[in-house]
Amino acid sequence: MSDASSPGRAPLPPPRKRLGQHFLTDPRILARIADALALAPNETVIEIGPGRGALTDQLRDRAARVIAIELDRDLAAHLRARYAGDARVTIVEQDVLDVPLGSVAGGPYALVGNVPYYITTPILFHALEPPRPSRAVFLVQREVAVRMAAEPGSREYGALSANVQALARVETLFTIAPGAFHPPPSVDSAVVRVTPLAAPLVAPELETRYRDFVQDAFALRRKQMRRVIRTITGWSAERADALLAACGIAPEARPETLSPGAFAELVRRVTSTRDS
Ligand code: SAM
């Protein structure tokens, strides 16, 4: 297939900042991102934000089917023309947050995206809604990658870490300097692999409560857990202490030291007390 600037094709629109458009051009980096998915030739892969199609080309050579979701109307038109006649590639012109990924895939799927940084977190959580991908590879701001993978007790550990890690394993694979993009973003980027857990730490019906609880707890990250529980539930100090003791958590512990599993246990117990 010829490249994006082939003669006879409508000129590409200039990058739109508003849509987080920073295009990757280095074929070695693009290949490393695609390789990180370890696609089998019979697999379906969904790509978020294909842009000009640089990563799409790599995916098409490795998978049976590529479903590429692009919001920008001009780029979607460009991609439709670029892949016309290639039955392996389907272009969906839509906001990815409005696309039910599992139903569009129609079966097991892998997910990948050099995602627009202005909506990274909503995209991450959208990607973790069931039916989840078998694995996902995202190019995100380096700082976001660090927070996603951070361990309890570290400076970067926060609500994003506990929320993602309750549902998936996160690995930071490699970093990419701004100069690899056109136009260069103002921050470093990193590639992360997110592998949904076979047994998530939180049951699907408790996911929203878990996320709210974790968010509320980290809003009080300087407070001790006794205070955190009392603030979130409105319970007495005795009741809060009894809950924490049942979960094996010291009343003086701070939220930033609690593992995703400990948060999950707290939410389970608070919910079963409330609902009983
Ligand atoms: N994959 C390309 C690459 O690596 O060169 C482009 C990546 S660029 C950082 C992000 C892409 O996501 C852009 O093409 C942008 O138009 C698209 N995009 C932005 N917001 C989107 C949304 N809500 N849904 C789908 N695509 C979106």
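The values are calculated or read from the model by the stated rules, or taken from the named source; none is laboratory data. Fair warning: this is a prediction, and the values are worked out from it, not measured in the lab. Cβ placement follows ideal geometry from the backbone for every residue including glycine, while neighbour counts extend to all protein chains displayed. Note: accessible area is taken over every heavy atom of the protein model, side chains too, but ligands, DNA and RNA are not part of it. Shrake-Rupley method; radii C 1.70, N 1.55, O 1.52, S 1.80 Å.
Points to keep in mind about this one:
- Sole exception among (1) of a type outside the set (D, E, K, R); (2) away from the ligand (no atom under 12 Å from the Cβ); (3) not assigned by TED's automatic domain parsing to the domain that holds residue 137 for residue 12, by number: (2)
- Qualifying residue in the stretch 165-176 (condition: crowded, with 17+ Cβ neighbours inside 10 Å and assigned to a helix (DSSP H, G or I)): yes
- Of the residues making up the stretch 148-164, those that are crowded, with 21+ Cβ neighbours inside 10 Å and not hydrophobic (A, V, I, L, M, F, W, C) are 157, 161, 163.
- Residue that is nearest to the ligand (Cβ to nearest atom), among those in the stretch 23-39 that are open to solvent by 50 Å² or more (accessible area, probe 1.4 Å) and part of a loop (DSSP other than H, G, I, E, B): 25
- Qualifying residue in the stretch 224-233 (condition: outside any helix (DSSP H, G or I) and either within 27 Å of residue 128 (Cα to Cα) or more than 24 Å from the chain's Cα centre (by Cα) (or both)): yes
- Cβ separations smaller than 8 Å between residues 6+ apart or across chains give the following pairs from the stretch 81-108 residues that are in the same structural domain as residue 67 (by TED's automatic domain parsing) to residues that are among the aromatic types (Phe, Trp, Tyr): 89/83; 91/83; 101/109; 102/109.
- Filter result (closer than 20 Å to residue 227 by Cβ and in contact with a Leu (Cβ under 7 Å, 6 or more places away or on another chain)) within the stretch 251-265: 251, 255
- With respect to the conditions (1) surrounded by fewer than 18 Cβ atoms within 10 Å (Cβ to Cβ); (2) near the ligand (Cβ under 10 Å from one of its atoms); (3) modelled with pLDDT of 95 or more, residue 118 lacks only one, and its number is (3).
- Scanning the stretch 40-50 for residues that are more than 7 Å from the ligand (Cβ to nearest atom) and either surrounded by fewer than 23 Cβ atoms within 10 Å (Cβ to Cβ) or among the small types (Gly, Ala, Ser) (or both) yields 40, 41, 42, 43, 44.
- Residue that is nearest to the chain's Cα centre (by Cα), among those in the stretch 51-88 that are of a type in the set (Asp, Glu) and more than 14 Å from the ligand (Cβ to nearest atom): 61
- Subset of the stretch 248-276 that is of a type in the set (A, V, I, L, M, F, W, C) and assigned to a helix (DSSP H, G or I) - its residue that is most open to solvent (accessible area, probe 1.4 Å): 262
- Pairs linking a residue in the stretch 52-67 that is on the phi > 0 side of the Ramachandran plot to a residue that is open to solvent by less than 30 Å² (accessible area, probe 1.4 Å), with Cβ atoms under 8 Å and 6 or more positions apart or on different chains, are 53/4; 53/68; 53/78; 53/79; 53/82; 53/83.
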